[in-house]
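Colleague: Take a look at this one; I'll ask things after.
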Amino acid sequence: MAGANQWITDEWLAYCLVFSSEPDAQSLLLQLGCDGASIEQIDDTEEFDALLYQGMDEHDVWSAAFAGTSSDWAYCLVPLSGSPLNDARLRRASAQSSVICYASMGALCVFEYWENGRKLTGAELMAPQRRHGEEPDRLLAPMERAGCFDAEVGVDERGRALCFEITGVEIPLLVSDDVLFAGRMPALYRGSEGPSPYDEG
């Protein structure tokens, strides 16, 4: 379990994962803010790489987001961006489902669990004992099983293991036999949530 989805960490220094108990990949992309006109099915590595690199060039506006389904969950992976980690986006995505968001950005690894538009629990996994949300102890048992409180387990490893503990989803290498959708996800505060509350004026 500790090595679940290790290939994602090997590939990118930063990324964000979102899982939804409503197993509809296209809907998840839309709920997280992707423009519907940008969502398309991709079938090969060249299409994947082209969208990824274009998003890297325009990262201040949007990032490439990839989504599929596995078991009873939809998943979304946004390489090199934490843009899904936003209350407005996760509130919308979880309006009628359970949603997990895990953002890995170097030493900052953040996990949140939402249900019915409410953040039930969240934590920075460097200090998992400092949990917040309406039910901060809701996932205490899965966190313990995933090694979140084990000093020998790396911070990113804790996050990936916790996602797997809850969902059981091993995300396949992104261009595989599975149907994969891609879209342009707005950069943080470039979507329908509006400008940053910290902007002047």
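Yes/no matrix, rows are residues, columns are (1) open to solvent by less than 10 Å² (accessible area, probe 1.4 Å); (2) in a strand (DSSP E or B):
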position: 3; (1), (2): no, no
position: 10; (1), (2): no, no
position: 22; (1), (2): no, no
position: 28; (1), (2): yes, no
position: 46; (1), (2): no, no
position: 50; (1), (2): no, no
position: 53; (1), (2): no, no
position: 68; (1), (2): yes, yes
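Colleague: From the residues in segment 117-130 that are part of a loop (DSSP other than H, G, I, E, B) and more than 17 Å from residue 166 (Cα to Cα), which one is nearest to the chain's Cα centre (by Cα)?
Modeller: Looking only at segment 117-130, we keep the residues that are part of a loop (DSSP other than H, G, I, E, B), and these are 117, 125-130.
Okay, now just the ones that are also more than 17 Å from residue 166 (Cα to Cα), so 117, 126-127, 129-130.
Numbers: 117: 16, 126: 18, 127: 20, 129: 21, 130: 21 Å.
Per the stated criteria, the residue is 117.
Colleague: When you check residue 38 against the structure, is it of a type outside the set (A, V, I, L, M, F, W, C) and surrounded by 18 or more Cβ atoms within 10 Å (Cβ to Cβ), yes or no? Explain how you work it out, then say what you get.
Modeller: Details: of a type outside the set (A, V, I, L, M, F, W, C): yes; surrounded by 18 or more Cβ atoms within 10 Å (Cβ to Cβ): no.
It is false that residue 38 is of a type outside the set (A, V, I, L, M, F, W, C) and surrounded by 18 or more Cβ atoms within 10 Å (Cβ to Cβ).
Colleague: Out of all the residues in segment 77-89, is one or more part of a helix (DSSP H, G or I) and open to solvent by less than 20 Å² (accessible area, probe 1.4 Å)? Can you show your working first?
Modeller: Step one: filter segment 77-89 for residues part of a helix (DSSP H, G or I), giving 87-89.
Next cut, open to solvent by less than 20 Å² (accessible area, probe 1.4 Å) only: 89.
Yes, the conditions are met somewhere in segment 77-89.
Colleague: Only one of (1) under 16 Å from residue 11 (Cβ atoms); (2) at pLDDT below 90; (3) among the hydrophobic types (A, V, I, L, M, F, W, C) fails for residue 42. Which number is that?
Modeller: Evaluating residue 42 over (1) under 16 Å from residue 11 (Cβ atoms); (2) at pLDDT below 90; (3) among the hydrophobic types (A, V, I, L, M, F, W, C) leaves (1) as the failure.
Colleague: Now for a different question. Any residue in segment 27-40 that's on the phi > 0 side of the Ramachandran plot: show its pairings with residues that are of a type outside the set (Phe, Trp, Tyr) and open to solvent by 60 Å² or more (accessible area, probe 1.4 Å) at Cβ separation under 7 Å, as long as the two are six or more apart or on different chains.
Modeller: What qualifies is 33/192.
Colleague: Kindly indicate whether residue 118 is surrounded by fewer than 17 Cβ atoms within 10 Å (Cβ to Cβ) and among the basic types (Lys, Arg). Write out each step before concluding.
Modeller: Working: surrounded by fewer than 17 Cβ atoms within 10 Å (Cβ to Cβ): yes; among the basic types (Lys, Arg): yes.
Against the criterion (surrounded by fewer than 17 Cβ atoms within 10 Å (Cβ to Cβ) and among the basic types (Lys, Arg)), residue 118 qualifies.
Colleague: Based on what the data block shows, is residue 172 surrounded by 15 or more Cβ atoms within 10 Å (Cβ to Cβ) and in a helix (DSSP H, G or I)? Give the steps one after another, and end with the answer.
Modeller: Working: surrounded by 15 or more Cβ atoms within 10 Å (Cβ to Cβ): yes; in a helix (DSSP H, G or I): no.
When the stated conditions are applied, residue 172 does not pass them.
The values are calculated or read from the model by the stated rules, or taken from the named source; none is laboratory data. These numbers come from a predicted model, not from an experiment. Cβ: placed from backbone, ideal geometry, glycine included. Neighbour counts: every protein chain shown. Surface accessibility is based on the protein's heavy atoms, side chains included, excluding ligands, DNA and RNA. Shrake-Rupley method; radii C 1.70, N 1.55, O 1.52, S 1.80 Å.
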